[in-house]
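What follows is a single structure, written as structure tokens, with notes after it.
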Amino acid sequence: MSSFRQHLLWFPAAWLVVLAAPGVAAQGTPTSPTPSPNTPTPSGASGAQPPPTGSTPPPTGSTPPPTESTPPPTESTPPPTEPTPPPTESTPSPTEPTPPPPPPAPIAPKPTPAPELTKFQVQSHAYSGFRWPGYTVGASIRGGGGMFGSSLGQGNPLVTGYRFVERGGFISGFVVGGIFYLLGATAASMPDSTSVSTSSYLRTNNRGETERVTTTTYTATSSRSAAEREAALEAAGEGAKGLIAYRQQSFELDVFTRKWFGSDLGDARGYRMNFLFTVYTGKRFILEGGFGFGDVSAIVPGKDILVEEKYVGIPVRFIVPWGPFYAQAAVDLNFRGLDFGLLADDEIETREVDGRRMRVDPVRPIPLTISVNAMLWRLHLSVGVETARPWTGQFGYVATAGARF
């Protein structure tokens with residue numbers, strides 16, 4: 001055989017060796033593969049025979065070792081993600097039915113309404129008695145060293161009389177409204193300035209006598225126009241209407257007499273009245289204030305002493321209602337007694353009363369009265385302690401009883 005033909009026979013064999021070389025390098029140390037019963041082994045094959053192709057999948061669950069030909073992972077390769085955890089028990093399965101919504105919260109029952117008050121309970125409630133219009137007509141009695149006690153320390157008169165109290169009525173409204181309108185009208189008509197001029201001349205009368213005649217002229221000037229005065233009058237009228245319609249007010253009138261219910265029990269004569277307006281109304285207390293005036297004279301029993309009390313001032317009432325009862329602290333700030341007797345005249349004054357010459361004991365007290373009152377249906381009862389000069393230890397008592405309308 002020529003050399004050319006030998007080369008033609010060795011060339012295919014060399015090509016097969018070159019193709020089988022990468023498989024041998026990848027396997028490393030050659031092992032004898034387990035022959036498959038379906039794969040025939042060619043005769044005369046050596047360890048350089050390549051393994052079967054990748055048609056047969058690797059066993060499940062086993063990871064083949066990395067080969068030298070596998071490139072290492074680069075930085076751009078993302079790390080393997082962790083497996084998603086299985087759903088928890090609280091997450092319902094897609095196949096399970098959706099549970100129904102929870103039932104709504106039960107509706108709270110309505111509070112039981114308060115029982116309606118009876119007519120007797122309403123009429124026996126002190127707080128309601130101060131809020132609604134009402135009238136009380138009754139009698140009163142005072143004794144001891146209270147409001148009308150003598151300052152000479154030789155005894156005290158017994159003061160009896162009748163009492164009228166109005167709350168939220170018309171009497172006090174009309175009186176106060178009328179006074180307010182009169183003051184407003186007086187201010188609207190007052191001039192800005194006044195002047196007085198005097199002139200005289202001589203004349204001869206019918207008897208032929210010469211006499212001097214003097215004439216005094218008063219001149220008043222006002223810079224306000226008629227429209228301005230009319231506006232001031234209208235403002236005063238509107239204010240008076242508001243005071244008349246105002247219902248948070250009260251009126252107290254005491255008339256003292258010596259013929260109390262036809263008897264000679266009393267020792268005093270005179271009157272005392274107060275106009276009160278509600279300054280504050282709360283759940284716990286009520287505060288009232290206003291103005292008042294009075295004039296009372298009383299005879300000390302068995303003594304020729306006449307106690308004379310004159311009053312012009314501001315009454316103040318502090319009231320604490322509690323059911324059918326209420327406590328009251330009353331103070332009458334008498335302007336005539338603000339000097340506490342320091343400016344009294346040293347001269348002794350006497351006066352004849354009922355044919356008897358008596359010494360006048362002028363008192364200008366600032367009395368403090370603390371009382372407990374009860375409103376029981378149509379009755380109004382009150383009892384308290386009062387003093388005009390607590391620093392001297394003089395205390396007296398006061399009691400009233402009346403019918404409510």
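Values computed for the structure shown
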| quantity | calculated |
| --- | --- |
| Set Thr160, Thr194, Thr186: member being in a strand (DSSP E or B), surrounded by fewer than 15 Cβ atoms within 10 Å (Cβ to Cβ) and among the hydroxyl-bearing types (Ser, Thr, Tyr) | Thr194 |
| Test: residue in the range 231-243 that is modelled with pLDDT under 80 and under 30 Å from Thr281 (Cβ atoms) | yes |
| Filter pass, Ile348 being surrounded by 14 or more Cβ atoms within 10 Å (Cβ to Cβ), β-branched (Val, Ile, Thr) and free of Cβ contacts under 8 Å to residues at least 40 places away in the same chain | no |
| Search result, residues across the range 179-236 that are of a type in the set (A, V, I, L, M) and in contact (Cβ under 8 Å) with a residue 40 or more places away in the chain | Leu183, Ala185, Ala187, Ala188, Ala232, Leu233, Ala235, Ala236 |
| Where Ala236 falls short, out of the listed (1) surrounded by 15 or more Cβ atoms within 10 Å (Cβ to Cβ); (2) touching a strand residue (DSSP E or B) at 6+ places or on another chain (Cβ under 7 Å) | (2) |
| Options Ile319, Ile305, Ile314: the member that is more than 19 Å from the chain's Cα centre (by Cα) and open to solvent by less than 60 Å² (accessible area, probe 1.4 Å) | Ile305 |
| Cross-chain or 6+ apart pairs with Cβ under 7 Å, the range 351-375 first and among the acidic types (Asp, Glu), then exposed (fewer than 15 other Cβ atoms within 10 Å of the Cβ) | Asp361/Leu152 |
| One residue from Gly270, Gly242 being of a type outside the set (Asp, Glu) and either part of a loop (DSSP other than H, G, I, E, B) or open to solvent by less than 30 Å² (accessible area, probe 1.4 Å) (or both) | Gly270 |
| Test: residue in the range 277-296 that is touching a residue at least 24 places away in the same chain (Cβ under 8 Å) and under 15 Å from Ile141 (Cα atoms) | yes |
| Criterion: more than 23 Å from Pro301 (Cβ to Cβ), open to solvent by 70 Å² or more (accessible area, probe 1.4 Å) and out of contact with any strand residue (DSSP E or B) (no Cβ under 9 Å at 6 or more places or on another chain) - qualifying residue of Trp391, Trp377 | Trp391 |
| Verdict on Gly282 being open to solvent by less than 30 Å² (accessible area, probe 1.4 Å), touching a Lys or Arg at 6+ places or on another chain (Cβ under 6 Å) and of a type outside the set (Asp, Glu) | no |
| Phe405, sole failed condition from (1) within 30 Å of Tyr135 (Cβ to Cβ); (2) touching a Gly at 6+ places or on another chain (Cβ under 8 Å); (3) open to solvent by less than 70 Å² (accessible area, probe 1.4 Å) | (3) |
| Residue list for the range 245-267, restricted to those being in contact with a strand residue (DSSP E or B) (Cβ under 9 Å, 6 or more places away or on another chain), at pLDDT below 85 and open to solvent by 60 Å² or more (accessible area, probe 1.4 Å) | Tyr246, Arg247 |
| Residue check for Arg167: open to solvent by 80 Å² or more (accessible area, probe 1.4 Å) and among the basic types (Lys, Arg) | no |
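The values are calculated or read from the model by the stated rules, or taken from the named source; none is laboratory data. Because the structure is predicted, anything quoted here is derived from the model rather than measured. Here Cβ is always computed from backbone atoms with ideal geometry, including for glycine, and neighbour counts include all displayed protein chains. Surface accessibility is based on the protein's heavy atoms, side chains included, excluding ligands, DNA and RNA. Shrake-Rupley method; radii C 1.70, N 1.55, O 1.52, S 1.80 Å.
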